[in-house]
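Peer 1: Please see the structure below; I have some questions.
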Amino acid sequence: MSAAAEDAVTEAPAVEAVPKRAMTLGTGTSLAILAALLIAPLFVKNFIAFQMTMVMIYGIAVLALNILTGGSGQFSLGQSAFYALGAYTSAVLMENANVNYALTLPIAGLVSFGAGYLFGKPALRLSGIYLALATFALAVAMPQFLKLHFFESWTGGVQGLVVMKPDAPFGLPLSQDKWLYYFTLAITVAIYIGSINLLRSRSGRAFMSIRDNEIAASAMGVDVAKYKTLAFGVSAGITGIAGGLSAIVVAFVAPDSYTINLAISLFLGMVVGGVGWLPGSFVGAAFIIFVPNIAESISKGLSGAVFGVLLFIVIFLVPHGARQVAIAAQLLMGKLRK
Amino acid sequence: MELFVNQILAGISTGAIYACMALAVVMIYQAIDHLNFAQGEMAMFSTFISWQLMQWGVPYWWAFLLTIAISFAGGILIERLLFKPLAKAPVLTNVAGFIALFAIVNSVAGLIWDFTIKQYPTPFGSSPFLGSQLISTHQAGMIGVTLLMLVGLYLFFQFTRIGLAMRAAAALPESARLVGINTSWMIALGWGMASAIGAVAGILIAPVVFLEPNMMGGVLVYGFAAAVLGGLTSPLGAVVGGFLMGVFENLAGTYIPAVGNELKLPIALALIIIVLVFKPAGLFGRAIVKRV
């Protein structure tokens, strides 16, 4: 065997190992943030509430990617495909079958879970850069599939589908945007708690053992194939729910909203938020929603360059993303108390 | 039958484009173990530099050589400034860096040369090649240059000291350092060469796809796909993969009725996934053996 073909496992792993306790915030901080999120809409305009809703939706999608990458150590540049699948499932059910919008979400999640699980099967043989490329192919292909004439009677083809925006139920005195904000917040909290519990469970420990050392994990009796596909499925399912929510909130789905750019944004959100740090997902989501706007306001022609430079600054100054900032802040707080 | 031959030839000539790009991708993968997502944008920027030189009155071949030199230096500069500090960072951070570079290069090119489509000259002319209607002289020239480049690279890596040093640095960095190879500069050299190859690819492609900041978007996807198909560890595989991609894409577009133009790309990518599932290292790649 030639030496060139060796790849010793002692090399630095693709994803840095994050202990499971370091993946979340403390209870006190979490409750304070939740309280702030609960009263915030009372003081802001509808459009801001809408943007905060979008941050939560993207946050869920980034969280899903974080479970896959930060949890089980697998890459994906194809999250936009599952997001699209969820969005279309919700939209088609609402428009063509008159299903209540809240009920479409679990269905969107299940459909995406199934798709992710099935895609995870062949993807099992791939790792690292090859897996990234396979998922990338999926993301590129998705908008083309949605445009197919064959499905046009359901999906509306290139034109997409317009969805009715739901009103607040029980005659609550809330605008549509603010009602959807609370609706999304409730789902976000549920998914966040569920994800934390998942990573703390037996399955979560199996994910992390695969991430840290696949060979050692299988030697210890972890069914690597099963948990890898499971991670793919769970991640896709959560992404699908985020997609379904986006269809309800934006009230419109079209193939070109779900291109590879969306997948790249979600990926950047994860890196900026800190890989493996779940609360960071929402920081990352805010980054991918607001920073392009900021870049545009600094310079119209150079918005891409400004965005790129900001990204480089983040990579160089805080390579572990928002997690690093949070840890630094915690240390500082500890010092100030003494 | 004539349609079939036609499509194969057309496939080979588009395949030459993919082959060029795949070669650049493999070069940098060999040097740094990462896929450079900004490769296409770097090639686009190089092509714009050559266009600008020609606008200033530099003759074609001088502009060609100058652009290669500038791209080579530019590639090394990018590595030294931006990616050397990231060498120890996780893969994910590097990928984010490539995406950032992509955004910067694309946007700066758009600002300097704006987004209008430009004509790009070809030195080979576009008359039919050897009296055949199927393939133009430019396409033939493109295939010729790609093959020449491949032979040149092969000779460089097999028969020069520095080529050997580069291979050693890529294969086993620690051992290479122990025998006195400056692995850090070998990586920089890899970036420079990949950037130069990308420049050649860009200059050859520009007359076909026209010059604009987004010209490389589609081509890069095919370049990646071709590189993976042929095996990321094999430059020859990358070139063969590029030609195969071109031919397969054309044949699928012509003979599978439901495919047409819209589904060409997804079909090509589906082929990649199928190949990867059965032969994860690609057609010509070497399987990686894990040592515990």
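Peer 1: State which residue pairs qualify: first residue buried (at least 22 other Cβ atoms within 10 Å of the Cβ) and inside segment A:223-235, second residue not in a helix (DSSP H, G or I) in any location, beta carbons under 6 Å apart, and separation of 6 or more residues or different chains.
Peer 2: Listed by first residue and then by second, the contacts come to A:K228/A:L124.
Peer 1: Residues in segment A:307-327 that are assigned to a helix (DSSP H, G or I) and either on the phi > 0 side of the Ramachandran plot or within 9 Å of chain B (Cβ to nearest Cβ) (or both): how many?
Peer 2: The total comes to 9.
Peer 1: Keeping to segment B:70-95, report how many residues are free of Cβ contacts under 8 Å to residues at least 60 places away in the same chain and surrounded by fewer than 14 Cβ atoms within 10 Å (Cβ to Cβ).
Peer 2: Qualifying residue count, segment B:70-95: 3.
Peer 1: Return the total of residues in segment B:47-106 being within 19 Å of B:I187 (Cα to Cα), of a type in the set (S, T, N, Q) and modelled with pLDDT of 85 or more.
Peer 2: Summing the residues that are within 19 Å of B:I187 (Cα to Cα), of a type in the set (S, T, N, Q) and modelled with pLDDT of 85 or more in segment B:47-106 gives 1.
Peer 1: Next up: When you look at A:L199, is it modelled with pLDDT of 80 or more, within 14 Å of another protein chain (Cβ to nearest Cβ) and under 20 Å from the mean Cα position of the chain (by Cα), yes or no?
Peer 2: No, not satisfied.
Peer 1: Which condition number does A:L278 fail, the rest of (1) touching a residue at least 60 places away in the same chain (Cβ under 8 Å); (2) assigned to a helix (DSSP H, G or I) being met?
Peer 2: (2)
Peer 1: Moving on to the next point. How about segment B:36-151: which helices (runs of 4 or more DSSP H) wholly inside it have at least 3 residues that are away from chain A (no Cβ under 14 Å)?
Peer 2: B:39-55, B:60-78
Peer 1: Also, quick follow-up: Can you confirm whether A:S297 is assigned to a helix (DSSP H, G or I), polar (S, T, N, Q), surrounded by 24 or more Cβ atoms within 10 Å (Cβ to Cβ) and more than 14 Å from chain B (Cβ to nearest Cβ)?
Peer 2: no
Peer 1: List pairs: first residue in segment B:212-231 and buried (at least 24 other Cβ atoms within 10 Å of the Cβ), second residue among the charged types (D, E, K, R) and assigned to a helix (DSSP H, G or I) anywhere in the structure, Cβ distance under 7 angstrom, at least six positions apart or on different chains.
Peer 2: What qualifies is B:M216/B:E41.
Peer 1: Which one of these is at negative phi and at pLDDT below 90: A:L110, A:L118?
Peer 2: Result of the check over A:L110, A:L118: A:L118.
Peer 1: Collect the residues in segment A:57-113 that are part of a loop (DSSP other than H, G, I, E, B) and surrounded by 24 or more Cβ atoms within 10 Å (Cβ to Cβ), keeping them in residue-number order.
Peer 2: Of the residues in segment A:57-113, the ones part of a loop (DSSP other than H, G, I, E, B) are A:73-78, A:97-100.
Matches in segment A:57-113: A:G73, A:Q74, A:F75, A:S76, A:L77, A:G78.
Peer 1: Any chance segment B:205-228 includes a residue that's over 30 Å from B:W61 (Cα atoms) and touching a Gly at 6+ places or on another chain (Cβ under 7 Å)?
Peer 2: Scanning segment B:205-228 turns up at least one residue that is over 30 Å from B:W61 (Cα atoms) and touching a Gly at 6+ places or on another chain (Cβ under 7 Å).
Peer 1: From the set of residues in segment B:205-231 that are over 12 Å from the mean Cα position of the chain (by Cα) and assigned to a loop (DSSP other than H, G, I, E, B), which is farthest from the other protein chains (Cβ to nearest Cβ)?
Peer 2: B:F210
Peer 1: Could you check, for segment A:276-287, whether at least one of its residues is touching a Leu at 6+ places or on another chain (Cβ under 6 Å), within 18 Å of B:A96 (Cα to Cα) and either crowded, with 16+ Cβ neighbours inside 10 Å or away from chain B (no Cβ under 14 Å) (or both)?
Peer 2: There is at least one residue in segment A:276-287 that is touching a Leu at 6+ places or on another chain (Cβ under 6 Å), within 18 Å of B:A96 (Cα to Cα) and either crowded, with 16+ Cβ neighbours inside 10 Å or away from chain B (no Cβ under 14 Å) (or both).
Peer 1: Please enumerate the residues belonging to segment A:173-195 that are of a type in the set (A, V, I, L, M) and in contact with a Lys or Arg (Cβ under 9 Å, 6 or more places away or on another chain).
Peer 2: A:L180
The values are calculated or read from the model by the stated rules, or taken from the named source; none is laboratory data. These numbers come from a predicted model, not from an experiment. Here the Cβ is made from the backbone with ideal geometry for all residues, glycine too, and neighbour counts use every protein chain on show.
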